[in-house]
Amino acid sequence: MAPTMTELAELTELRQRIKRIPGLDAAALEAEQIALLGRKGGAITELLKRLPALPPDQRKALGATLNELKLSATALLDARKQELDAARRARAEAVDLTMPARRRWTGAEHPVTRVTDEVLGIFRELGFAVVIGPEVETDWYNFTALNVPADHPAMDMHDTLYLDAPPVEEAPGSGRLLLRTHTSPVQIRTLLTSRPPIRAVMPGWVYRNDPFDPSHAPAFSQIEGLAVDDGISFVDLKATLIHFARRFFSDDTKVRFRPSFFPFTEPSAEMDVGCRICGGVGCPTCKGTGWTEILGCGMVHPNVLRAGGVDPERYTGFAFGMGPHRVTMQRHGIPDIRLLYEGDMRFLTQFLPDSSRGRRGEP
Ligand code: PHE
């Protein structure tokens, strides 16, 4: 027996409702799921419940149709549900382009590194090349070739950190291994490997057996300078270093040279700049003098030129050595050198330029 007219009308209506499933919103979808397949009162469920009462041939035909409708309804409901879930997830993850970015901390140059780069930059403008030398040297490079006599107090065990290693045998430079106590040995290396005219700046770490205190550290940096050519005089030295001080600090920086002594220069001097912290009236950092020493300098000693293979009858030169840690303290008014070694970001970020701080975000 064929399905009755009512059943046919019901089936047609069911087919249309199933077709509309892909257009339902979340709430309607849930309601429709119950309305079609709910265990009590679901339209398909209820029709299926009527099957056992039907004659076998009708039961078979209607049963097949209902199963097919149930399957397609289930499939469409599932598919639509997944579609709506995916859309909801995408909305939840959506990027709010108006939200301020959380900046990532990428680190920054240490203030001493910045000062070093700036100092080197000023000398590069003047035609100086940047030269690097080793931190482990022999006593020949660090002392002997620099005209430092064997009984000089600087060679004392208390100042110099010697390596527990066999001495170097081959010349030039044979001798005991040590951590260089200054960057001046790079003068010798430069003289031995190039010929005048020479203009070089030589940055690097140096080591001394000193305790940490507000103005000393067992490891610190230096920048060595060397110019060797025909007819270089003390005037060239002064003019170069005064230019440097004005360029680095400011045009109105006061500069003075005081006579001094170094075994590797003759005559020797120390250069002071007017204290940046107190403006020259005297403060604890300049020990009340109004001046701070920033470098040692002088005319290269003939023995040093000779040790470097340069004829002192033909050439003269000047040399200087400055301490970027000192210069950094002077520039920023930092009273204790140890602050530059602690790596405390709260301290270090103060010296970042504003532009860099903004770009890098806060630590
Ligand atoms: N080497 C010296 C020091 O460490 C500095 C210096 C370098 C002085 C070059 C004169 C010339 O104190």
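The values are calculated or read from the model by the stated rules, or taken from the named source; none is laboratory data. None of the values given here were measured: they were computed from a predicted structure. Please note: Cβ atoms are built from the backbone with ideal geometry, for glycine as well, and neighbour counts cover all protein chains shown. To get the accessible areas, we keep the full protein, side chains included, count just its heavy atoms, and leave off ligands, DNA and RNA. Shrake-Rupley method; radii C 1.70, N 1.55, O 1.52, S 1.80 Å.
Here are some notes:
- Ellipticity at 222 nm from helices only: DSSP H runs of n ≥ 4 in the chain, each -39500 (n - 2.57), divided by the residue count, give -12000 deg cm²/dmol.
- Label positions at Glu68 and Leu37, each projected 7 Å from the Cα along the C-beta direction, are separated by 1.9 nm.
- The length gained on full extension between Leu11 and Leu163, counted as 0.36 nm times the residue separation minus their Cα-Cα distance, comes to 44.9 nm.
- Fraction of accessible area attributable to carbon and sulfur, the chain (%, probe 1.4 Å): 55 percent
- Extension gain for Asp344 to Ile122 (0.36 nm times residue separation, less C-alpha to C-alpha distance): 77.0 nm.
- The relative contact order of the chain, computed from alpha carbon pairs under 8 Å that lie at least 6 residues apart in sequence, is 15 percent.
- Fraction in percent of alpha-carbon pairs per bin - 10 Å, the chain: 5, 18, 20, 13, 6, 3, 4, 5, 7, 8, 7, 3, 1, 0
- Peptide ranges 35-44, 300-309, 220-229 listed from the most packed, as the mean C-beta count within 10 angstrom indicates: 220-229, 300-309, 35-44
- Pairs beyond 21 Å (Cα-Cα), from Lys40/Lys60; Lys49/Lys81; Lys19/Lys49; Lys49/Lys70: Lys40/Lys60; Lys49/Lys81; Lys19/Lys49
- Protection-proxy order for peptides 22-31, 172-181, each taking the mean of Cβ atoms within 10 Å per residue, highest first: 172-181, 22-31
- For the chain, the Cys residues with no second cysteine's beta carbon closer than 4.7 Å are Cys297.
- Here is the size of region 83-193 from its Cα atoms: Rg then Dmax, 27.3, 88 Å.
- Förster radius 56 Å - calculated FRET efficiency between Asp252 and Ala26 (Cβ-Cβ, nearest 0.05): 0.15
- Rounded accessible area per residue of region 130-283, 1.4 Å, Å²: 48 Å²
- Each residue, Ala129 and Thr4, gets one label point 7 Å from its Cα in the Cβ direction; the gap between the two is 10.9 nm.
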